[in-house]
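The values are calculated or read from the model by the stated rules, or taken from the named source; none is laboratory data. In this text the structure is predicted, and so the values were computed from the model without any measurement. Note that each Cβ is placed from the backbone with ideal geometry, even for glycine, and that neighbours are counted across all protein chains shown. These area figures cover heavy atoms from the full protein model, side chains too; ligands, DNA and RNA do not enter into them. Shrake-Rupley method; radii C 1.70, N 1.55, O 1.52, S 1.80 Å.
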Amino acid sequence: MSSDTEKHHALLSALKAAMGKGDGSFEQAVTNAFEHVFEHLGRLNSHVSTGGHDNEDRPLEDGESATLR
């Protein structure tokens with residue numbers, strides 16, 4: 001199993017284990033999960049071209065997110 005898949009399983013397990021505890025562990029598990037999501041978005045953004053054939057910037061299309069561009 002890839003380390004990223006293992007990380008996903010660990011994040012989900014931590015969320016499930018922390019639900020309803022009321023000791024702050026759920027909030028920490030959510031924070032950890034979102035940090036990982038933002039890492040994925042950062043990698044996605046670094047692999048997606050922002051421009052055309054000359055790499056010029058183009059305007060956003062209707063409904064297009066700058067984050068996923």
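Here are the numbers for the structure shown:
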item	result
Net lengthening on full extension, Ser13/Val37 (0.36 nm per residue, minus Cα-Cα)	7.1 nm
Exposure of Phe34 as accessible area (Å², to 10), given a probe of 1.4 Å and all protein chains	110
Lys21-Leu44 pseudo-label distance in nm [points 7 Å out on the Cα-to-Cβ vector]	2.9
